[in-house]
1. So A47 fits all but one of (1) under 26 Å from Y23 (Cα atoms); (2) small (G, A, S); (3) touching a Lys or Arg at 6+ places or on another chain (Cβ under 8 Å); what number is the exception?
2. Could you grab the pairs with beta carbons closer than 6 Å, sequence gap of 6+ or different chains, first residue in the range 124-144 and under 14 Å from M106 (Cα atoms), second one part of a helix (DSSP H, G or I)?
3. Spot the failing condition for K85; the list is (1) without any contact (Cβ under 8 Å) to a residue 40 or more places away in the chain; (2) surrounded by 12 or more Cβ atoms within 10 Å (Cβ to Cβ); (3) within 19 Å of A129 (Cα to Cα), and only one is missed.
4. How about the range 57-106: which of its residues are assigned to a helix (DSSP H, G or I), farther than 23 Å from T33 by Cα and at pLDDT 95 or above?
5. Considering every residue within the range 27-38, establish whether at least one is surrounded by 10 or more Cβ atoms within 10 Å (Cβ to Cβ), hydrophobic (A, V, I, L, M, F, W, C) and under 17 Å from the mean Cα position of the chain (by Cα).
6. What residue, among those in the range 40-58 that are under 14 Å from the mean Cα position of the chain (by Cα) and farther than 22 Å from K81 by Cβ, is surrounded by the most Cβ atoms within 10 Å (Cβ to Cβ)?
Amino acid sequence: MCEQNLERGSIKYPERYKQLISYAGLERHRHITPTDIDGLIDYNGNAFFYMECKHEDRYFDAGLDIGQRKAIENMVNSHIKAGHKAIAIIFIHNCNPGELIIAKDMIVKEVYFEHKWKTPKSNWTVINAIDWFEGYCKKNNIHI
């Protein structure tokens, strides 16, 4: 990527985004360690859309780590308990290291919504999932 892309949602500091964060030394009770979430859309505190991305080889070999899966479920469920709508998706990519992953075009493999994990029936992309959730919110009079 030679030219700087200042489009909203683009990577602002490409030289920094490749920096790894080590959570070594942060193991807590029950042997839990921090996890990361790859994306979040906050709709004015009324609805939340979480995104997690995995390389397809890792996803098909091991799936989502049980600790990260539980953390995602807990985040979504806590929003629901507070009276907000929330959803989480897991999408995959097959890009090589150093290549930019264009999230909107990636395929969604799992959706956590209304306390259940579901597999989309078709090749749902990330943008399809976002559009669906926004439509769901509007249909249910949730101000987004």
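1. A47 satisfies every listed condition except (1).
2. Going by the 6 Å Cβ cut-off, the qualifying pairs are T125/D105; V126/A103; V126/K104; I127/K104.
3. K85 satisfies every listed condition except (1).
4. Across the range 57-106, the qualifying residues are I80, K81, A103, K104, D105.
5. For the range 27-38, residues surrounded by 10 or more Cβ atoms within 10 Å (Cβ to Cβ), hydrophobic (A, V, I, L, M, F, W, C) and under 17 Å from the mean Cα position of the chain (by Cα): present.
6. K54
The values are calculated or read from the model by the stated rules, or taken from the named source; none is laboratory data. All figures in this text were calculated on a predicted structure; none of them were measured in a lab. Note that each Cβ is placed from the backbone with ideal geometry, even for glycine, and that neighbours are counted across all protein chains shown.
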